[in-house]
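What follows is one structure encoded as structure tokens, with my remarks underneath.
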Amino acid sequence: MLLFLLSLTLNFKVKEVTVYTTSAKIVREAVKNLSTGEYTARSNLIPGGIDDRSIRIRAPEYVTVGEVRVIRAYPDTVFKEEIKVLEDSIETIQDKIDLLTKKLDVLKSEEEFVNSIKVTMPQKYSQELYSGKTSTLAWTKTLKFLSVELERINMEKQTTKKKQTRLKNLLKRLKQTLNDLKTKTTYHYIEFPVLVKRAGTCRFVLEYIVSGVRWRVNYIVRAFPDKGKVLLEYHGKIRQTTGEDWKGIHLILSTKSRITDINPPEPHSWYLESFSQPPKTKGKETFTRKEYLSVAPKEEREFISNKLDILSSGISVTYGIPGTRTIPSGKSSTDILINSNEFDAKFFYYVIPKQAEAAFLKAEMENDSKNVYLPGDASIFVGTEYTGNGRIDKFTPGEKIKISCGVDNRIKVERELIMKFFDKGGVFSKKKKVEYRYRNLIRNGLDRGIDVNFIDCIPVPRVSDITVKDVFFSVKPDSMNKDKGLAYWHLKIPSHETFVETTGFKIEYPKDKEVWLPY
């Protein structure tokens, strides 16, 4: 049987997208009724930064697909007609704006001329009226004519300026559209030979990795202290700039950080050097653990969920989002709810009066679900009230986590210096002495009892010739960290009752030195 070389165009539509943290796998599908024969197949235009090495084409067993070739097409050729139409429209609108500018110049000249007549008219009117060359009625008509002319000129100026403003706004939008079109992402044709051994319906599946796609975790936390519950909504924010809207797709979110991360790093020796001055570096020289983790490569994380499809593929476990979704291309992110779980929570207040005269509500809860929650920013609500933004760290099954819910203004917190005694010492004394007394107050303004973690501070000397002694607490702390100078109380304050505690201490230091004393 003879096989004829035929040209075949396949319209591949996006069916499924797996979004990684810095890229995505696109799955497209094209269906065509074909007779037996040999074809040169070419796809429709496909946008985005495609990784050529990741392209894979699947077909029925009775169809053989040959070597794939990628043909790049750039915006100035793909959108040649559209660019020409936009350029012509921009030129036409610019001409209209120029004509309106000239009209405004004419109107301005007319206005100046009429105003010049009004300025010189009173003196001329007096002279001609005195000499009998004119009448009062004639000058009244002249005044009326000048007023009507000025009103007409002003109205035309306003109308012309409005038209000009509208055209300028339209011109700006068209120029932006033209710029976007000219700088749009590169397009591709995927071309490959096809040998069809049996006539029938052929389903072609095209897979590839594309850049310009990312997703990040975001939470909505709803705390209900009266019920002892926290509702944790786990969201994914997806942003893609491939130049193509994904409509009605099956969406999968993966924890894999980079699709190209297949090789472990090589170890390097860590050398120490000394400097008279530390070397200058860009940005920050040191990082907190949380700051470091926010910029360090993410490790592979396994998700286990009883509410979503869990798809195991290779070494990654992914979230299969139920239903179909539409993810537009552009600068804005699309929010996807991954899951929502309610947890039992213990609520307490965190109070450090020396740092802030406020009671911070916190919730402690245990992850009794099978979900692993990734680190992410969180919007915090207490009931229906928005209290602020926070962050949730990695939260694994069986692990406990504390979430800050904001300041509760119904809990009154005060710290007051009630005594300061300064003793310069006698003639033979080599020490100065200062004695302090602080009163800390916490008042529960709620109709229920509250748990409070109360922390107070005692100054800690950093040099040997300064001493802190005679430390006094009117209420004995539950624990004490002497190295850090921190005292801890775990309190239960009944409804509408007040807890008062007084802290005191003495500071001694040499007379010939000055010390920055606590306030």
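The values are calculated or read from the model by the stated rules, or taken from the named source; none is laboratory data. Just so it is clear, the structure is predicted and the values come from calculations on it, not from any experiment. Methodologically, a virtual Cβ is constructed for each residue, glycine included, from the backbone with ideal geometry; neighbour enumeration extends over all protein chains shown.
Being buried (at least 16 other Cβ atoms within 10 Å of the Cβ) and among the charged types (D, E, K, R) is a property that holds for Arg415. Just one of Lys331, Lys354 is in the same structural domain as Lys227 (by TED's automatic domain parsing), part of a loop (DSSP other than H, G, I, E, B) and closer than 30 Å to Gly212 by Cβ; which is it? Among Lys331, Lys354, only Lys331 is in the same structural domain as Lys227 (by TED's automatic domain parsing), part of a loop (DSSP other than H, G, I, E, B) and closer than 30 Å to Gly212 by Cβ. For the stretch 486-494, does any single residue satisfy the condition of being over 30 Å from Lys227 (Cβ atoms), aromatic (Phe, Trp, Tyr) and part of a strand (DSSP E or B)? Checked against the condition, which is being over 30 Å from Lys227 (Cβ atoms), aromatic (Phe, Trp, Tyr) and part of a strand (DSSP E or B), the stretch 486-494 yields no hits at all. Within the stretch 372-384, the presence of at least one residue that is free of Cβ contacts under 8 Å to residues at least 24 places away in the same chain and either within 26 Å of the chain's Cα centre (by Cα) or assigned by TED's automatic domain parsing to the domain that holds Phe347 (or both) is confirmed. Looking only at the stretch 9-37, count every residue that is within 23 Å of Arg239 (Cα to Cα) and not acidic (Asp, Glu) and tell me the total. Of the residues in that region, 16 qualify. Just one residue in the set Val114, Val119 is outside the structural domain of Leu374 (by TED's automatic domain parsing), modelled with pLDDT under 90 and in contact with a helix residue (DSSP H, G or I) (Cβ under 7 Å, 6 or more places away or on another chain); that residue is Val114. Checking each residue in the stretch 377-421 for being assigned to a strand (DSSP E or B) and among the hydroxyl-bearing types (Ser, Thr, Tyr) picks out Ser379, Tyr386, Thr387, Ser404. Within the stretch 63-91, restricting attention to residues that are hydroxyl-bearing (Ser, Thr, Tyr) and out of contact with any Ser or Thr (no Cβ under 9 Å at 6 or more places or on another chain), the residue that is modelled with the highest pLDDT is Thr64.
Only one entry of Ser464, Ser495 meets the criterion of being exposed (fewer than 13 other Cβ atoms within 10 Å of the Cβ), touching a Gly at 6+ places or on another chain (Cβ under 7 Å), hydroxyl-bearing (Ser, Thr, Tyr) and assigned by TED's automatic domain parsing to the domain that holds Leu417, and that entry is Ser495.
For the stretch 492-508, a tally of residues being closer than 14 Å to Lys354 by Cβ and acidic (Asp, Glu) returns 1.
If you check Ile392, Ile352 for being buried (at least 18 other Cβ atoms within 10 Å of the Cβ) and over 17 Å from Val452 (Cβ atoms), only one passes: Ile392.
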